[in-house]
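The structure under discussion appears below in the form of structure tokens.
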Amino acid sequence: MIQIKELQKLFATEEVETTALNGINLEIKEGEFVAIMGPSGCGKSTLLNIVGLLDNPSGGEYNFFGTEVAKMTERKRAQLRKGNIGFVFQSFNLIDELTVFENVELPLIYMNIPVKERKTKVEAVLERMSIMHRRNHFPQQLSGGQQQRVAIARAVVARPKLILADEPTGNLDSKNGEEVMKLLQELNEEGTTIIMVTHSPYDAGFSHRIVNLFDGKVVTENFHV
């Protein structure tokens, strides 16, 4: 699904140049659940942004389903993201002015899916995430755990092949955090590939493989069942 070779990412200002990723080599197969770990500033979120086609690398190769995407324009990257990649963020990133239903519906609107079909898909995923009873509430009226359920519903409503999760339990208590991890595990067991950035060894324990980064490089990979 994903093949990355000698991936580089530099951030430059007038005074200084910072190397965020320094020759990353990584392969991720369809159906895997991979956790990316490492200290703050080691390049985890930068890597996730590039994998999620939110940013371009400075050098190296990135093949997504056999398509070389490293030098794609933003427009082409956005087109490829649609329907293929779902995002779950630590800060939920819900739109305060939209209801739960409207937040989850948003990716389907971008994909020009007809109104009736959108309604069916959104209701199904809200039921799945046990948040249907909050469909007309606004994000600020929900608990942190409920907001993250809505965020996951939005990420999966278009049935993407890949979910990218950046510290998905970072703003949650342990009970809600565990529920979110179990939801991600269920989605993975149904065939969705998941790449998750985390500082939590407990959360990483849900994955099949842990990739450890340090100073922009992959230093170790640990497989477990």
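Annotations
- A simple rule links phi to the HN-Hα coupling: the Karplus curve 6.51 cos²θ - 1.76 cosθ + 1.60 with θ = phi - 60°, which for region 63-78 gives 9, 10, 6, x, 9, 6, 10, 4, 10, 5, 6, 4, 4, 5, 4, 4 Hz, with x for Gly and Pro.
- Here the label points at K182 and E27, each 7 Å from Cα along the C-beta direction, are separated by 3.6 nm in the simple model.
- In the context of the full set of protein chains, residues of the chain present 49 Å² of accessible surface per residue (probe radius 1.4 Å, heavy atoms only).
- GluC sites (Glu not before Pro) within region 5-95, DSSP loop, no more than 10 other Cβ atoms inside 10 Å: E14, E15
- Between 0 and 90°, nearest 10: helix 174-189 axis offset from the chain longest Cα axis: 80 degrees
- Each Lys and Arg Cβ is given +1 and each Asp and Glu Cβ -1; about its Cα centre, the chain then shows a dipole of about 780 debye.
- If R0 is taken as 30 Å, the Cβ-Cβ distance between E97 and M132 corresponds to a FRET efficiency of 0.90.
- A simple rule links phi to the HN-Hα coupling: the Karplus curve 6.51 cos²θ - 1.76 cosθ + 1.60 with θ = phi - 60°, which for region 44-61 gives 4, 5, 4, 4, 4, 5, 6, 4, x, 6, 8, 8, 9, x, 7, x, x, 10 Hz, with x for Gly and Pro.
- Computed over region 84-178, Cα set: Rg, Dmax in Å: 12.4, 39
- Percentage of interatomic Cα-Cα distances in the chain larger than 22 Å: 52 percent
- Directionally averaged projected area (convex hull, Cα atoms, region 128-191), nm²: 4.5 nm²
- For the Cα trace of region 54-134, dividing Rg by the Kirkwood Rh returns an Rg/Rh value of 1.05.
- Sparse-neighbour loop sites [GluC sites (Glu not before Pro); region 165-225; at most 16 other C-beta within 10 Å; DSSP]: E190
- Packing, as the average of other Cβ atoms within 10 Å across residues, places the peptides 170-177, 153-160, 79-86 in the order 153-160, 79-86, 170-177, highest first.
- Remark on T99: its backbone amide H falls under 5 Å from none of the residues 5 or more positions apart or on other chains, H modelled at 1.01 Å from N.
- Leading residue at positive end of dipole, the chain (Cβ point charges), from Q146, S130, G177: S130
- Whole-percent carbon and sulfur share, accessible surface of the chain, 1.4 Å: 50 percent
- Around D166: net Lys/Arg minus Asp/Glu count, Cβ-Cβ under 14 Å: -2
- Backbone phi angles across region 110-118, fed through the Karplus curve with coefficients 6.51, -1.76 and 1.60 (θ = phi - 60°), yield HN-Hα couplings of 4, 8, 6, 7, x, 3, 4, 5, 4 Hz in residue order; Gly and Pro are listed as x.
- Rg(Cα) / (2.2 N^0.38 Å) computed for region 111-225, rounded to two decimals: 1.18
- Inter-probe distance in nm under a simple model that places probes 7 Å from Cα toward Cβ, at A124 and D173: 3.4 nm
- Region 112-134 and region 47-83 have their alpha-carbon centroids 29 Å apart.
The values are calculated or read from the model by the stated rules, or taken from the named source; none is laboratory data. Predicted model, so just to flag it, every value in this text is computed and none were measured. All Cβ positions, glycine included, derive from the backbone under ideal geometry; neighbour counts span all protein chains shown. For the accessible areas, the whole protein counts, side chains as well, though only heavy atoms, and no ligand, DNA or RNA atoms are used. Shrake-Rupley method; radii C 1.70, N 1.55, O 1.52, S 1.80 Å.
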